[in-house]
Amino acid sequence: MSDLQSQDYVRRSASTMTPPAARSHEDQVAKLIDVSRCIGCKACQSACMEWNNLRPEIGYFEGSYENPADLGPSVWTLMKFAEYENEQGNLEWLIRKDGCMHCEDPGCLKACPAPGAIVQYANGIVDFISDKCIGCGYCVKGCPFDIPRISKQDHKSYKCTLCSDRVAVGLEPACVKACPTGAIMFGSKTDMKDWAGERIEELKSRGFDKAGLYDPPEVGGTHVMYVLHHADKPSLYSGLPDKPRISPVVGAWKGIIKPLAVIGIAFAALAGFFHAITIGPNEVTDEDEVEGERVLHEAESEKSP
Amino acid sequence: MTRPANAITRYTVVNRVNHWITAICFVLLTLSGLSMFHPILFFLSDLFGGGQWTRAVHPWIGIMLLVSYSGLIIQFWRENLVHKDDIAWMKSIGYVVTNDEEHVPEVGRNNAGQKMVFWSMTLLIPVLFFSGLVIWEVYFGAATSIPVQRVAVLIHSMAAIAAIIVWVVHVYAAIWIRNSVRAMTQGYVTPGWAWRHHRKWLRELAAGQHDKRTIRKHP
């Protein structure tokens, strides 16, 4: 997306600045995807393409309902279809709308090296500011959900914006608007949690005793949440991570290594500087030259007596 | 160039050209790499025309460095083989850093410190190259899994920091031991320099154990 600035940033990639905080009252927003109400019609996918002017290349039939085969630089949301045989031996068709989860603690933003290329607005939306993106792919490594995709055309990273442009002017995201069954809802995060609570009670009363809300605390919660009938096993839903977290490898790379590097390099340089001003240079003396010449001459005279 | 009559050739033209291509690549890689490593150094990307250009050019310079450094390995590996004398030199490191040459064992063509710089880079540059390939998004972004890429980027940054520290040591040592820089820019040292810092090498030269062209001319 572009940098509209109708919302204050609370986080900004590769920055140590204090974000502006004058507009202090911002409701945290969330999208709630009720998987149990989804019929897999892909209206959300179409709406996303239309609103965001995305036209992915037409692919080939891969033997699955999933189309296109994967998220991409111009596929920001994708219906994923999983066939699951439950304990009773019945088939369950688990359909999940995949896309950016808008983590409260975003791994992409943490990994990004370009100042301001990834931001989080006060309402919780995580957005890519494309003109600042350098195309390094660090966000791909930072993301616990395998969401960002780098374009081969312009070498920039793309993902769902949660329709930050629409939300900024009080509209709901395009996918929410298009959903015919009300499986996708949008509002304040508190409202969405309340709504999910009611829905989960209902599902439990219908026999889905493991029904629950997917709002993983390991990434500080997300601004896209799911109501799952099998909340005990999120991975049933086309590999939704059971315990998503920013990889400790990324944590080390973006955490402890940075100060260690600065200390290590600075120490080496300072050690050199202080060696230079205390012990000082090692210079060749006139005596050395005499000795050096002597060695060469002696050798010469031995060879030619 | 003008050389004193008793000049001893330490590095040939090929040695020097190869060394300085490597050095230029290394400095460019350090600047562009650090700009993508730490936010406070992101401004260094402006030297390369901005973030996108920095990201695009860094791996190509890396390939040049690997090729160039391979040339240095071919030319210098033999004289950097480790000997028993190197242990004695390392033990006298306290005398080395205080310029107390009389208490340091006689050194051949390279001392143990120089050998450590050589072998560290010989290890680190291939590590940097291969970990760098894994995270070269444009061509190899889809070649490995994301967990592999995460490990590669961590290894790449740690190896880079190690290489930069080795480089700092290398540059300071060249400045500290006066006239070493001239050996790598103009190619020659004086007999006094060889006597003071590489006495065993000087004796070998005098005994004719090295290439005859090494000692250009002496009266």
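The numbers here are math on the coordinates, done by the rules we state, and not lab data. Worth saying up front: this structure is predicted, and the values here are computed from it rather than measured. Ideal geometry is used to build each Cβ from the backbone, glycine not excepted, and the neighbour counts take in all protein chains shown.
Observations
- About the Cα centre, charge dipole magnitude for segment B:7-216 (Lys/Arg +1, Asp/Glu -1 at Cβ), debye: 560
- Normalising the Debye intensity of segment A:162-260 to I(0), with uniform scatterers on Cα atoms only, and taking log10 at q = 0.10, 0.11, 0.13 Å⁻¹ returns -0.39, -0.46, -0.62.
- Under the span-like rule (Cα at least 27 Å along the axis, Kyte-Doolittle mean at least -1.0), DSSP H helices of chain A: A:257-278
- A:Lys204/A:Ala269 FRET efficiency (R0 60 Å; Cβ-Cβ; nearest 0.05): 0.40
- Distances between every pair of Cα atoms in segment B:7-216, grouped in 5 Å steps from 0 to the bin holding the largest one, split as 1, 6, 13, 17, 17, 14, 11, 8, 7, 5, 2, 0 percent.
- Under Stokes-Einstein, with the Kirkwood radius over Cα pairs as Rh, the value for segment B:1-124 at 10 °C and 1.306 mPa s is 92 µm²/s.
- Farthest positive-ward along the protein assembly as shown dipole, Cα basis, beta-carbon charges - from A:Ala261, A:Val126, B:Leu31: B:Leu31
- Helix runs (DSSP H) in chain B reaching 24 Å along axis by Cα, Kyte-Doolittle at least 1.6: B:146-176
- A viscosity of 1.002 mPa s and a temperature of 20 °C, combined with the Kirkwood radius over C-alpha pairs in the Stokes-Einstein formula, give segment A:87-132 a diffusion coefficient of 163 µm²/s.
- Computed [θ] at 222 nm, helices only, for chain A once each DSSP H run of length n ≥ 4 contributes -39500 (n - 2.57): -9000 deg cm²/dmol
- Using the Cβ-Cβ distance between A:Lys152 and B:Val148 with R0 = 25 Å, the FRET efficiency computed as 1/(1 + (r/R0)^6) comes to roughly 0.75.
- Cβ-derived FRET efficiency at R0 30 Å, B:Thr12 paired with B:Val82, nearest 0.05: 0.80
- Choice from B:Lys91, B:Lys115, B:Lys200 showing the highest fluctuation, given a GNM over chain B with Cα pairs closer than 10 Å: B:Lys91
- Chain A: antiparallel DSSP beta bridges as a percent of all, rounded to 5: 85
- Farthest toward positive dipole pole in segment B:7-216 [+1 Lys/Arg, -1 Asp/Glu at C-beta], among B:Ser120, B:Ala142, B:Tyr11: B:Tyr11
- Distance between the pseudo-spin-label points of A:Glu87 and A:Thr278 (7 Å out from Cα toward the beta carbon): 7.1 nm.
- Within segment A:23-61: backbone nitrogen closer than 12 Å to the A:Asp191 label point (7 Å, Cα to C-beta): A:27-32
- Top of A:Leu260, A:Leu78, A:Leu228 by mean-square fluctuation, Gaussian network on chain A, Cα under 10 Å: A:Leu260
- All Cα pairs of chain A, percent lying beyond 24 Å: 60
- In straight-distance terms, cross-link reach from A:Lys110 covers every one of the lysines whose alpha-carbon lies under 20 Å from its own, apart from those fewer than eight places away in the same chain; here that gives A:Lys132, A:Lys141, A:Lys156, A:Lys159, A:Lys243, A:Lys254, A:Lys258.
- Alpha carbon convex hull of the protein assembly as shown, volume per residue in cubic angstrom: 192
- Lys, Arg +1 and Asp, Glu -1 on Cβ, resulting dipole of the protein assembly as shown about Cα centre, debye, nearest 20: 1000
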